[in-house]
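Written below as structure tokens is the structure these notes are about.
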Amino acid sequence: MLDIQNLQVCVADKPIIKGLSLQVPAGEVHAIMGPNGAGKSTLSYTLAGRNGYEVSGGSATLNGEDLLALDASARAARGVFLSFQYPLEIPGVPALTFVRTAMNAQRKARGEPEISAPDFLKRARAVAASLKMDMNMLKRGLNVGFSGGEKKRMEIFQMAMLEPRLLILDETDSGLDIDALKIVSEGVNALRAPDRAMLVITHYQRLLDYIRPDRVHVLAAGRIVASGGPELAQQLEREGYEKYETAA
């Protein structure tokens, strides 16, 4: 589904991603782990189409289509979703309004009819209940006054409503207590599907106790330097990243 070959990315003329190759098949969850400054967030922003991330070489395709040739909104319409490490606050825009607008914009781009208000609310209530979210929270400004755990639940709520094909989770466990981590992980696991791929970016193995990956990759100095099964995450937890940074 996701195929990255020799990707090279600069930020403010500084090389960050330096020849990264990665394949994530449909139906699989892959985790990317690595030290600070390795390029993990740069990879996620580049795939999502954020401005300021200049691709200087290589390729990235989703189901054979060139992602890098599309702007951010077109990538979203194709099913790319990025869950931010630090979700933005948007005062004055209720969360429900934001999500329904996003859903209908994507449907329009795909030539699909808009979702009706009754169908949207029925679906929103069901998803909110699964995430233990109060519907009143969804009527407030997006993420305004939310705790860290509430913001991450809102990200998972958006994912469940939009039903993307490629989910990129950038340190979703950041700032979560154990109860919030369990709820968010359950929401992510509920989205596993044969026609959907997930890329989970994290520093720590604890998230992967709840979101069990099919493959784990180590990113150091802008490259994938090691890959393995879930046991690789446990090894990293014990030994750290030093030997991989030295090798890179």
Suppose the filter is out of contact with any Pro (no Cβ under 8 Å at 6 or more places or on another chain), within 30 Å of residue 3 (Cα to Cα) and of a type in the set (A, V, I, L, M); does residue 88 pass it? yes
In the stretch 164-190, anything assigned to a loop (DSSP other than H, G, I, E, B) and of a type outside the set (Lys, Arg) is listed as 164, 171, 172, 173, 174, 175, 176, 177, 190
Among what's in the stretch 144-163 and is more than 23 Å from residue 104 (Cα to Cα) and assigned to a helix (DSSP H, G or I), pick the residue that is modelled with the highest pLDDT. 150
Quick one: residue 206 ticks every box in (1) of a type in the set (Lys, Arg); (2) surrounded by fewer than 18 Cβ atoms within 10 Å (Cβ to Cβ); (3) modelled with pLDDT of 90 or more except a single one, so which number is it? (3)
Among what's in the stretch 72-123 and is of a type in the set (A, V, I, L, M) and part of a loop (DSSP other than H, G, I, E, B), pick the residue that is surrounded by the most Cβ atoms within 10 Å (Cβ to Cβ). 115
Could you check the stretch 42-69 and list, in sequence order, the residues that are of a type in the set (A, V, I, L, M) and farther than 10 Å from residue 3 by Cβ? 43, 47, 48, 55, 68, 69
Looking at the stretch 97-141 only, could you name the residues that are touching a residue at least 12 places away in the same chain (Cβ under 8 Å), within 22 Å of the chain's Cα centre (by Cα) and closer than 26 Å to residue 70 by Cβ? 98, 99, 100, 102, 103, 105, 106, 109, 110
Checking the condition within 16 Å of residue 37 (Cα to Cα), in a strand (DSSP E or B) and touching a Lys or Arg at 6+ places or on another chain (Cβ under 9 Å), which residue from 224, 201 passes? 201
Across the stretch 137-186, which residue is surrounded by the fewest Cβ atoms within 10 Å (Cβ to Cβ) among those that are within 19 Å of residue 89 (Cβ to Cβ) and of a type in the set (Lys, Arg)? 139
Is there a residue in the stretch 13-21 that is surrounded by 19 or more Cβ atoms within 10 Å (Cβ to Cβ), touching a Pro at 6+ places or on another chain (Cβ under 8 Å) and part of a strand (DSSP E or B)? no
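The values are calculated or read from the model by the stated rules, or taken from the named source; none is laboratory data. Just so you know, these numbers come straight off a predicted model, no measurement behind them. Note: ideal-geometry Cβ built from the backbone for every residue, glycine included; neighbour counts use all protein chains shown.
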